[in-house]
Amino acid sequence: MITDYDLDAYDFDLPDGLIAQEPARQRDQSRLLVVDTSESSGAPLALADTVFAALPTYLREGDVLVLNDTRVFPARLVGRRATGGRGELLLVEAQVDGSWTALARPAKKLDVGATIAFGPDVAPLLTATVVEVRPEGRRRVAFKHDFETLDAAIDAVGRMPLPPYIRRPEPRSADRERYQTVYAQHRGSVAAPTAGLHFTPSLLDACEARGVELARVTHHVGYGTFESVRVEDLREHRVAAERFTLADADAARIDQGRANGGRVIAVGTTTTRALESAVDEAGKLVPGTRETSLTITPGYRFRAIDGLVTNFHLPRSSLLVLVSTLAGRTRVLDAYRHAIEAGYRFYSYGDATLILT
């Protein structure tokens with residue numbers, strides 16, 4: 001008998017044609033599936049099909065919408081090994097000595113001392129040398145360049161790290177703008193907080209005009225957010241640590257909104273994990289910068305949020321488990337079945353859901 005703790009319980013069939021390969025022509029014209037599981041909805045599962053631009057109509061005066069203002073950097077580096085073959089790095093985590101941990105391909109040909117050159121053949125702009133072999137295809141690499149900063153060198157040669165299910169030979173120049181939220185500020189993510197891709201400046205203004213407070217958290221999205229779940233019992237799964245910052249003013253704004261009867265609506269699963277990691281036993285948010293490895297699985301009690309804006313997630317993923325823990329696995333899978341039948345677009349460049357609990 002399958003239980004909520006079994007990974008198989010979070011599987012579903014998704015037609016390939018529903019995996020979005022391009023973003024919506026206009027950000028706020030993505031579709032939005034509203035999933036209302038609150039008692040006030042009057043039904044076990046109330047669904048509403050609309051467009052993302054209608055989001056403010058589902059929010060109330062006094063609600064607090066919390067955004068993740070991390071900025072994606074061009075973390076995918078493609079170059080040439082010393083032998084002339086292709087070498088690729090996906091930068092994962094900066095180290096205190098200036099080196100980086102990266103996912104490397106082809107890992108078997110990138111032992112200690114191996115180099116990859118990026119840029120023109122005759123005059124590479126950036127060179128990486130493997131200084132340590134780590135498990136699961138990871139390598140620690142040191143860089144050489146003539147730029148003022150390493151960030152500038154990475155920007156010159158890097159490519160936006162689109163997920164592999166967006167099947168293009170290479171990212172396009174337009175992806176540097178579209179695979180980024182309009183409110184992105186703080187560089188540090190290797191993947192976009194995709195729930196925020198649907199917002200426009202005018203939509204944010206419309207939320208505020210309705211009396212909704214806007215607050216921010218900076219949670220840098222790492223590879224761990226999307227890493228495959230490799231255990232069958234979800235109680236054994238652990239998400240890799242990621243760093244986030246919650247400023248004093250934003251913590252106070254969120255706490256005050258809740259104290260005044262407003263709902264806290266997180267935009268994205270990274271925002272959710274940051275807020276749930278920052279809340280204390282009394283239900284107050286503790287500002288500051290810290291790491292979180294919070295892994296939300298069935299039985300977890302949410303204390304910081306009352307709702308969630310998020311995209312549609314992969315089957316058997318930790319993100320789908322998080323959403324299902326918030327709204328109920330059966331309800332979420334029923335909503336996903338509805339979305340598939342209705343032709344919603346899935347994953348990073350796809351459509352969104354608003355979950356109200």
Legend entry - Sparse-neighbour loop sites [GluC sites (Glu not before Pro); the range 133-219; at most 13 other C-beta within 10 Å; DSSP]: 136, 148
Legend entry - Paramagnetic label zone (point 7 Å from Cα along Cα-to-C-beta, residue 54; backbone N under 16 Å) in the range 316-357: 339, 342-345, 351-356
Inset, instruction - Provide the gained length on full extension for the span residue 259 to residue 1, in nm with one decimal, where the gain is 0.36 nm per separating residue minus the Cα-Cα distance. - result: 88.7 nm
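Given a 1.4 Å probe and every protein chain left where it sits, what share in percent of the accessible area of the chain is carbon and sulfur? It would help to have the intermediate numbers written out before the result.
On the way: 7850 of 15930 Å².
Using a 1.4 Å probe with all protein chains present, the chain comes out at 49 percent carbon and sulfur.
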Inset, instruction - Using Cα pairs closer than 8 Å and at least 6 residues apart in sequence, work out the relative contact order for the chain, in percent. - result: 25 percent
Inset, instruction - Would you mind getting the accessible area per residue of the chain, heavy atoms of the protein chains only, 1.4 Å probe, in Å²? - result: 45 Å²
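State the dimensionless ratio Rg/Rh of the range 104-198 (Rg: radius of gyration of Cα atoms; Rh: Kirkwood radius).
Values: Rg = 15.3 Å, Rh = 15.4 Å.
Rg divided by Rh gives 0.99.
Hey, if we sort 140, 238 by accessible area with the 1.4 Å probe, largest down, what's the order? Can you show the working numbers first?
Values: 140 50, 238 165 Å².
So the residues, ranked largest to smallest area, are 238, 140.
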Legend entry - Spin-label pair residue 131/residue 152, simplified geometry with 7 Å Cα→Cβ offset, distance in nm: 2.2 nm
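To the nearest µm²/s, what D does Stokes-Einstein give for the range 206-272 at 25 °C and 0.890 mPa s, using the Kirkwood radius over alpha carbon pairs as Rh? Write down the numbers at each step before the final one.
Details: Rh = 14.3 Å.
It diffuses with D of about 171 µm²/s by this estimate.
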Inset, instruction - Determine the dipole magnitude for the range 33-186: charges of +1 sit on the beta-carbon of Lys and Arg, -1 on that of Asp and Glu, nothing else is charged, the reference point is the Cα centre, and the result goes in debye to the nearest 20. - result: 1000 debye
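With +1 on the Cβ of every Lys and Arg and -1 on the Cβ of every Asp and Glu, and nothing else charged, how large is the dipole of the range 231-357 about its Cα centre, in debye rounded to the nearest 20?
140 debye
Based on the Cβ-Cβ distance of residue 209 and residue 252, what FRET efficiency does E = 1/(1 + (r/R0)^6) give at R0 = 22 Å, to the nearest 0.05? Kindly include the intermediate steps, with their values, before the conclusion.
Numbers: r = 22 Å, r/R0 = 1.01.
The value I calculate is 0.50.
Multiply the residue separation of residue 200 and residue 80 by 0.36 nm, subtract the distance between their alpha-carbon atoms, and state the gained length in nm to one decimal.
Values: separation 120, 0.36 × 120 = 43.20 nm, distance 3.87 nm.
Contour length minus Cα-Cα distance gives 39.3 nm.
Determine the relative contact order of the range 1-140: mean sequence separation of Cα pairs under 8 Å and six or more apart, normalised by residue count, in whole percent. Spell out each step's value before the answer.
Values: 169 pairs, mean separation 17.8, N = 140.
Relative CO of the range 1-140 lands at 13 percent.
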Legend entry - Packing-based order for 190-196, 170-176, using average beta carbon neighbours within 10 Å, highest first: 190-196, 170-176
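Note down, for the range 229-310, the three equivalent ellipsoid semi-axes (square root of 5 times each alpha carbon gyration tensor eigenvalue), biggest first, whole angstrom. Write down the numbers at each step before the final one.
On the way: eigenvalues 114, 41, 23 Å².
In descending order, the three semi-axes are 24, 14, 11 Å.
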Inset, instruction - Pop out the Kirkwood hydrodynamic radius of the range 136-273 from its pairwise C-alpha distances, inverse of mean 1/r, in Å to one decimal. - result: 18.0 Å
Legend entry - Kirkwood-based Rg to Rh ratio, the range 1-150, C-alpha trace: 1.14
Legend entry - Charge dipole (debye, nearest 20) of the range 141-241; +1 at Cβ of Lys and Arg, -1 at Cβ of Asp and Glu: 240 debye
Legend entry - Long-range HN-HN contacts of residue 126 with modeled amide H, under 5 Å: 118
Legend entry - Vicinal HN-Hα couplings computed from phi for the range 169-178 (Karplus, 6.51 cos²θ - 1.76 cosθ + 1.60; Hz; Gly/Pro x): x, 8, x, 9, 4, 5, 5, 5, 9, 7
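Which value, in nm² and rounded to one decimal, describes the direction-averaged projected area of the C-alpha convex hull of the range 285-357? Could the numbers behind the result be given before it?
Details: hull surface 23.2 nm².
The orientation-averaged projected area of the Cα hull of the range 285-357 comes to 5.8 nm².
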Legend entry - Coordinate range along principal axes, alpha carbons of the chain, Å, largest first: 66, 47, 41
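The values are calculated or read from the model by the stated rules, or taken from the named source; none is laboratory data. Keep in mind it's a predicted model, so treat the numbers as computed, not measured. Neighbour counts run over all protein chains shown; Cβ positions are idealised from the backbone, glycine included. Areas reflect the complete protein model, heavy atoms only, side chains present, ligands, DNA and RNA absent. Shrake-Rupley method; radii C 1.70, N 1.55, O 1.52, S 1.80 Å.
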